[in-house]
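**Q** Questions regarding the structure given below will be posed in turn.
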Amino acid sequence: MHVATTEHMGGATPGEEKAEEEEVVVEKMEGGEAVEELSSWIKPSGGVSVVFEMFLRPRHQELLDAFLKEAQAETPAEAMEDVEELETRLEAAGRSGFTTQHYGQLLLLARELGDVTALAGFPPRSDAEDSVKVAAREGYAAGLARARAEGSLDIAASLGPEVEAAACALPCESHFNVFESIFTGRDPNDRDALTNNFRRIFPAQCVADAICAATVLERLAAGDRVLVILGCGHTDYGFGVPQRVELGLQALKHRLQNEGTGMLEPYRGGTDLFEPKEAPAEVDFTEHAGLGAVRITSRSTAEPRSYPVLQERKTLRTLGDFVCLYESV
């Protein structure tokens, strides 16, 4: 995985109005490192995919495809000339809770460069029967089953059983330890104080992680480099999406090696997510497990949360979005 430098890329100071913050973020993005990184990363060789948490599978994918191919649209009704129109259509297809214009510069750059695929990377979560809601009510397995039925996890079928099993591996307790600490402010090293207060919603988080990881792995299997934009709650200490992608890569590399040699050596790797002997220390999460990220937006004032600890523990979890870069397999 390519490790980018960690740098603040935008966001307003506490107390600023939402409109002001969005203007600041978009302004920063126009000349920001994330855009420059994508541009320089793509030009040497084609085949790049950008996976967004902010867009929902499968509801938003057709609209993203249409936006990138606007110049080839057959009728005016199919064309989308600007990000504002895309945002209007995305909202009509299913609200994600994100401001599309925060990511508009990346979408415009992807369209300009041409050989870039933009992918919706997360499941819908507004309706009662969406997979994340089912997972919160009925558990992780039920959430995955619903994700397959709704089409948000259909991409996993092309990965092969071992890679799919890795992307959809059962959640591990160490991940819940960190997940719970985000909301309670508990030191993740203090396992004795671990509560079950957020145990019910944890499967929903993991279903979203699995869907995003499967989307990333499918593009890596196709030979693309992959840039992933997602919230830090899905990356803290390497848990969530990076953990599942790394496990899936082991199985994917084995499969590709078999295909290259014509051998049918069975995969003997595991499909269990890592369980560290000790909880992670209170350090910058980008130093854990080689995870590289660039913060590109901040949503702390535009979308205030009900848990004040998310505002306070800036060293552990900054409210914003991060970029993970994966080289092609």
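The values are calculated or read from the model by the stated rules, or taken from the named source; none is laboratory data. Keep in mind the model is a prediction, meaning the values are calculated, not measured. Heads up, the Cβs are rebuilt from the backbone with ideal geometry, glycines too, and the neighbour counts pull from every protein chain shown.
**Q** Helices (runs of 4 or more DSSP H) wholly in the stretch 94-193 with at least 3 residues that are closer than 23 Å to L247 by Cβ - which ones?
**A** Qualifying helices (runs of 4 or more DSSP H): 131-138, 140-150, 161-167, 173-184.
**Q** Say we look at the stretch 54-82 and pick out the residues that are more than 19 Å from C212 (Cα to Cα) and at pLDDT 80 or above; which of these is farthest from the chain's Cα centre (by Cα)?
**A** So the residue we want is K69.
**Q** Taking the stretch 181-199, which residues are surrounded by 19 or more Cβ atoms within 10 Å (Cβ to Cβ), touching a helix residue (DSSP H, G or I) at 6+ places or on another chain (Cβ under 8 Å) and not aliphatic (A, V, I, L, M)?
**A** P188
**Q** Which residues, counting only those in the stretch 219-261, are outside any helix (DSSP H, G or I) and hydrophobic (A, V, I, L, M, F, W, C)?
**A** A222, V226, L227, V228, I229, L230, F239 - these are the residues of the stretch 219-261 that are outside any helix (DSSP H, G or I) and hydrophobic (A, V, I, L, M, F, W, C).
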